[in-house]
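Engineer: One structure is given below, represented as structure tokens, and several questions about it will come after.
The values are calculated or read from the model by the stated rules, or taken from the named source; none is laboratory data. Treat the numbers as computed from the prediction; the structure is a model and nothing was measured. Cβ sites come from the backbone with ideal geometry, for glycine too, and all protein chains shown count toward neighbours.
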Amino acid sequence: MFQPMSAADKARPPRVHAGVRVALVRAQRHVAAAGVLLIGLLIPFCTASGAVAQARPVSPMVAQAHSDRPPTVRRARPVSPTPAEVRRAVARAAHSRTVWATLTTCDLHHDRTVGIRGEMPALPFPARLLMVVTVLEFSPSAHRYLPLAEHWKLGGRVATHGVLVQDGLTLRFAGPVTLTARIRFEWFRDGRLLGATSRLSRGGHPTAVSRPRRFSVGACSLR
């Protein structure tokens, strides 16, 4: 006769036969061992695949070609000044106080030499600086200074913004003479004259080559 289960019987866990329990435990062990074996097989395969991908051999010829290839360096092209910028730069330099001419030596007693020196500024862009020296001799009959036939060129170097170029020469004269000098300052770029200005020799510009020290005059009289 069928008897319904009581509440205590429902709460009680079901009984498992001893043989069935042993079979379940063995099945769980087989599954765990199979999982460990599968993981052991997959890990070396993945590791080997990654090692091959990272250590892909490079041909010696390709490696040499890459090492010999020079690095690419991009240099900015120099920008040429516009005609308006050239005119402004030359006008500013021509009217600068750093443009001057002077006599640094007037030896009356020994070697009768006259030292002539000038200075000029560079432009804001590269340009060739040149000085052309003309000696003027005082003519009593004409009551004025007259230029000698010969000229002397100084400088000729290429300079740029912030540079002051100074140069000079020493000349020897025989006989009584009164001299002064005029220097024409010229700025060139690419073989073309950009501008020029002239200065007569004046005092007030002592230089390192002045003789005696700090000597600077506008004219020299050799008796």
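Engineer: Given the conditions (1) assigned to a loop (DSSP other than H, G, I, E, B); (2) more than 34 Å from the chain's Cα centre (by Cα), and given that Thr178 satisfies all but one, which numbered condition is not satisfied?
Structural biologist: Among (1) assigned to a loop (DSSP other than H, G, I, E, B); (2) more than 34 Å from the chain's Cα centre (by Cα), the lone unmet condition for Thr178 is (1).
Engineer: Any chance segment 171-191 includes a residue that's at negative phi, acidic (Asp, Glu), out of contact with any Lys or Arg (no Cβ under 6 Å at 6 or more places or on another chain) and at pLDDT below 95?
Structural biologist: The first filter runs over segment 171-191 and keeps only residues at negative phi, leaving 171-174, 176-189.
Those left that are additionally acidic (Asp, Glu): 186.
Now narrow it down to the ones that are out of contact with any Lys or Arg (no Cβ under 6 Å at 6 or more places or on another chain): 186.
So of that shortlist, the ones also at pLDDT below 95 come out as none.
So far as segment 171-191 goes, no, none of its residues is at negative phi, acidic (Asp, Glu), out of contact with any Lys or Arg (no Cβ under 6 Å at 6 or more places or on another chain) and at pLDDT below 95.
Engineer: I'd like to verify a number: residues in segment 201-218 that are closer than 26 Å to Ala142 by Cβ and part of a loop (DSSP other than H, G, I, E, B), how many?
Structural biologist: Final tally of qualifying residues: 4.
Engineer: Restricting to segment 96-121, what's the tally of residues that are closer than 25 Å to Leu179 by Cα, modelled with pLDDT of 95 or more and assigned to a loop (DSSP other than H, G, I, E, B)?
Structural biologist: Matching residues across segment 96-121 total 3.
Engineer: Also, quick follow-up: Against the conditions (1) within 13 Å of Arg128 (Cβ to Cβ); (2) touching a strand residue (DSSP E or B) at 6+ places or on another chain (Cβ under 7 Å); (3) surrounded by fewer than 17 Cβ atoms within 10 Å (Cβ to Cβ); (4) hydrophobic (A, V, I, L, M, F, W, C), where does Ala159 fall short? Just the number, please.
Structural biologist: Here Ala159 clears every test but (3).
Engineer: Output the qualifying pairs, or none if there are none: Cβ atoms under 8 angstrom, residues six or more apart or on different chains, first residue in segment 149-162 and in the same structural domain as Glu137 (by TED's automatic domain parsing), second residue among the hydroxyl-bearing types (Ser, Thr, Tyr) and assigned to a strand (DSSP E or B).
Structural biologist: As it stands, the answer is His151/Thr134, since those pairs meet every condition given.
Engineer: From the list Ser141, Ser221, Ser198, exactly one residue is assigned to a loop (DSSP other than H, G, I, E, B) and either of a type in the set (Ser, Thr, Tyr) or buried (at least 17 other Cβ atoms within 10 Å of the Cβ) (or both). Which is it? If you could, list the steps in order and put the result at the bottom.
Structural biologist: Numbers: Ser221 fails: assigned to a loop (DSSP other than H, G, I, E, B); Ser198 fails: assigned to a loop (DSSP other than H, G, I, E, B).
Answer to the check: Ser141.
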